[in-house]
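Notes for the one structure printed next.
A short reminder: the numbers here are calculations on the coordinates, not readings from a lab. The shown structure was predicted, so the numbers you read here are calculated from the model rather than taken from an experiment. A quick note on method: Cβ atoms are made from the backbone with ideal geometry, for glycine too, and the neighbour counts reach across all protein chains shown.
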Amino acid sequence: MAALTTPCLSASTAVKDETGMIIARILGTVVASQKDERLLGKKLLIVRPINVDGSDTTGYVVAVDTVGAGFHERVLVVAGSSARLAQGLKDVPVDAAIVGVIDTVDVTAPE
């Protein structure tokens, strides 16, 4: 796997929609053999925030997968205290969680 050279974004500074959710694409996985015991069994994925048109932004975020998302899928990510409200993450030290897999995105032009 190639090394990442782009800067890591804080989940709180990633591009968010009006609901505070981040639209992102999965780039890869993170394996940590030593970690907080509350993260045992949690799948960590590298996601890159994207624009609504699907174009990439810069940087990346490591997020806990709560929905079984796959490589290169578009996903919904929540950050901060919202991440700790995701299924199975209460009292887990996470700043970003994948809470949905995106099927389609429709953007209506303002009138």
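Under unit Cβ charges (Lys, Arg +1; Asp, Glu -1), what dipole magnitude, rounded to 20 debye, does the range 11-101 have relative to its Cα centre?
200 debye
Each residue of the range 98-107 in order: what ³J(HN,Hα) in whole Hz does its phi give by Karplus 6.51 cos²θ - 1.76 cosθ + 1.60, θ = phi - 60°, with x for Gly and Pro?
In residue order, the calculated couplings are 7, 10, x, 9, 7, 8, 9, 10, 10, 10 Hz.
Just to be sure I follow the rule: in the range 11-101, considering lysines 8 or more places apart or on different chains, how many pairs have Cα atoms under 22 Å apart?
Close lysine pairs found across the range 11-101: 4.
Count the net charge of all other residues whose Cβ sits under 12 Å from the Cβ of Val31, scoring Lys and Arg as +1 and Asp and Glu as -1.
+3
Can you tell me how much longer the chain between Lys43 and Val92 gets when fully stretched, taken as 0.36 nm per residue apart minus their C-alpha distance, in nm with one decimal?
16.3 nm
Just grab the label-to-label distance for Val101 and Val67, each label 7 Å out from Cα along the Cβ direction, in nm (one decimal).
So the label points at Val101 and Val67 sit 0.9 nm apart.
For the range 11-101, what class follows from the C-alpha gyration tensor (a ≥ b ≥ c being the square roots of its eigenvalues): rounded when a/c is under 1.5, otherwise prolate if a/b is larger than b/c, else oblate?
The shape class here is prolate.
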